[in-house]
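J.: Questions regarding the structure given below will be posed in turn.
The values are calculated or read from the model by the stated rules, or taken from the named source; none is laboratory data. If you're wondering where the values come from, they're calculated on a predicted model, not measured in any experiment. Virtual Cβ from ideal backbone geometry, glycine too; neighbours counted across all protein chains shown. Accessible surface is based on the protein model in full, side chains and every heavy atom, while ligands, DNA and RNA are left aside. Shrake-Rupley method; radii C 1.70, N 1.55, O 1.52, S 1.80 Å.
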Amino acid sequence: IGGLSANMGSANITELEFITTAFDKSDGGTLQVRARFNEPVTVTGTPQLTVVNDSRANHTLSYASGSTTNELVFSLTIGAANAATNAGDVLSIGTNAMALNGGTIKDTGQSGTNATITNAASIGTAAGTITVTA
């Protein structure tokens, strides 16, 4: 029965959460999001995850760490006073936020099948929001 979860189907996202809990435009900083899967996944290349900005262009975070675990971290550094954000912007995670960007996310187990990287709106909503401060 060992490895049964890896053989039952592809890994899929069970939770998305902001690691960054506050963001200040004047200071800049790093936006980070953790994607949890129901089993370990192996990453190649640089998959991406989109954070929605309610009043400006969205932010594309790149895969940073976590291959062979069930938790992947995506990250984007934004410089101080950068035009990418304004005070009052609300950042959130939407439906189907992840993209392979030419890379792969596969089950680490024996099957090595492609992970399911789509997410329901409820998973993104559960991550909450960040309101950018001045």
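J.: Condition (residue is surrounded by 13 or more Cβ atoms within 10 Å (Cβ to Cβ) and touching a His at 6+ places or on another chain (Cβ under 9 Å)) applied to the range 113-123: is it met by at least one residue? Break it down into steps so the answer makes sense when it comes.
T.: To start, the set of residues in the range 113-123 that are surrounded by 13 or more Cβ atoms within 10 Å (Cβ to Cβ) comprises 113-117, 119, 123.
Next, from what is left, pick out any that are touching a His at 6+ places or on another chain (Cβ under 9 Å): none.
No: zero hits.
J.: Determine whether the range 18-37 contains at least one residue that is surrounded by 13 or more Cβ atoms within 10 Å (Cβ to Cβ), of a type in the set (Ser, Thr, Tyr) and within 24 Å of Ala120 (Cβ to Cβ).
T.: yes
J.: Scanning for something open to solvent by 60 Å² or more (accessible area, probe 1.4 Å), farther than 17 Å from Thr60 by Cβ and either part of a loop (DSSP other than H, G, I, E, B) or touching a Pro at 6+ places or on another chain (Cβ under 9 Å) (or both), does the range 90-110 turn up at least one residue?
T.: yes
J.: Which residues, counting only those in the range 42-68, are surrounded by fewer than 16 Cβ atoms within 10 Å (Cβ to Cβ), among the β-branched types (Val, Ile, Thr) and farther than 20 Å from Gly128 by Cβ?
T.: The answer is Thr44, Thr46, Thr68.
J.: May I ask you to list pairs of residues, at least six apart or on different chains, whose Cβ atoms are under 9 Å apart, with the first in the range 118-134 being within 10 Å of Leu16 (Cβ to Cβ) and among the β-branched types (Val, Ile, Thr) and the second being assigned to a helix (DSSP H, G or I) and open to solvent by 30 Å² or more (accessible area, probe 1.4 Å)?
T.: Pairs that qualify, where the first residue is within 10 Å of Leu16 (Cβ to Cβ) and among the β-branched types (Val, Ile, Thr) and the partner is assigned to a helix (DSSP H, G or I) and open to solvent by 30 Å² or more (accessible area, probe 1.4 Å): there are none.
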